[in-house]
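Okay, structure first, notes after.
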Amino acid sequence: MTLWFILSLMTAAAIFAVLWPLSRRGSVSVQGQDIAVYRDQLEEVERDRKSGLIGDPEAEAAKLEISRRLLAAADKAEPKKAAPKAKSKGTSEPEAVLWRRRAAALVALIALPVVSAVLYMKWGSPQLPGAPLATRLDLPPEQRSIESMVAQVESHLEQRPNDARGWEVVAPVYMKMGRYSDAVRARANVVRILGSTAPREAELGEAQVAAANGVVTAEAKQSFERALKIDPSDVRAQYFVGLAAEQDGRPNDAAHIWRTMLDNAPANAPYRPLIQQSLARLEGKGIAIEPKAPQPGPTQEDIAASQQLTPEQRAEMIRGMVERLADRLKTDGSDVDSWVRLVRAYIVMGDADKAREALTNARNAVGTDTEKRNRLDALAESLGLKG
């Protein structure tokens, strides 16, 4: 509301400045200061003549010209005789003209803003909130032409090729438009300008794969490997490294990578269906995939890494491993050994309530399997959780 008030004041001020001259009388008169200027010029010419700067003929000629202008100014400055009043009642012609000017100014001052506001409220979009460039580029064609918007961004980037924000905005649009080579160029410029990070390298690699019709080229693989070197948990890079292994004829390596991703992924992770489809694709080709060996606990690498951590860091690492195990069991609870490890882990962490909850979930997951239920009951009794 404050913005509208300020804009209204600015509009009124602008119109007032333009229309103010219309409210003044039409008779033109030269100010007295104009006559004074010409007189000063005459005195200056006389001083120059006396000092020898100009000769007598030049001084006389200059005086003559200035005098002529002085007389003309004096004639204009002389007040004109008042026009005889009209015999008929009413306003004289000059006053009528002045009144019409003031009326026009008043109408313009009021009507222009009102008409503009009405037209804008009817055909404009006063309630449309502001949107960043990236959001506006995603608008459907009926609201905004993507091609036109991209052309504007490209024109901007031609003038400012080091505008990283511009490259970041246009890169995903190139991908949607199928302009993969341009997307590669845009992603590469982002990395060049802002530096290498795991997400930027992974996005560059994805664009390179798209440009190669889905093939993970050596160049794309290098991008993904750089991303994993910075952040080994980058999901996009992990997936495409697995895809590279599949395309290189190493299906077991691909399956191992994707299964590990599933084990570590939250139950509601949006990329889980893609990984599951990829694993199903391998099995559908009749490729013999070696089964994944059971993981009874932390690997030797995990144990070695934990020795270098502080007690707080070690506890945080264990907590993360336990949470990942719990998430995996939410989707596949048939492994009773994993349930046993989870319950024992909660007891070690001093969280008996979560241990009891895990036991309840384990019993529900194994169903009527008598052997598995007996193991869970024996575990509960040994840990004092029965009852």
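Quick notes
- All positions within region 323-348 that are more than 20 Å from Pro266 (Cβ to Cβ) and either surrounded by 12 or more Cβ atoms within 10 Å (Cβ to Cβ) or in the same structural domain as Pro266 (by TED's automatic domain parsing) (or both): Val336, Asp337, Val340, Val343, Arg344, Ile347
- In this structure, Ile54 does not qualify as at pLDDT 65 or above, in contact with a Phe, Trp or Tyr (Cβ under 9 Å, 6 or more places away or on another chain), surrounded by 11 or more Cβ atoms within 10 Å (Cβ to Cβ) and not assigned by TED's automatic domain parsing to the domain that holds Val114.
- Given (1) farther than 26 Å from Met261 by Cα; (2) in a loop (DSSP other than H, G, I, E, B), index of the condition Gly333 fails: (1)
- Any hit, region 116-135, residues being loosely packed, with under 12 Cβ neighbours inside 10 Å, modelled with pLDDT of 75 or more and assigned to a helix (DSSP H, G or I): yes
The values are calculated or read from the model by the stated rules, or taken from the named source; none is laboratory data. Just so we're clear, the structure is a prediction, and the values are computed from it rather than from any experiment. Note: ideal-geometry Cβ built from the backbone for every residue, glycine included; neighbour counts use all protein chains shown.
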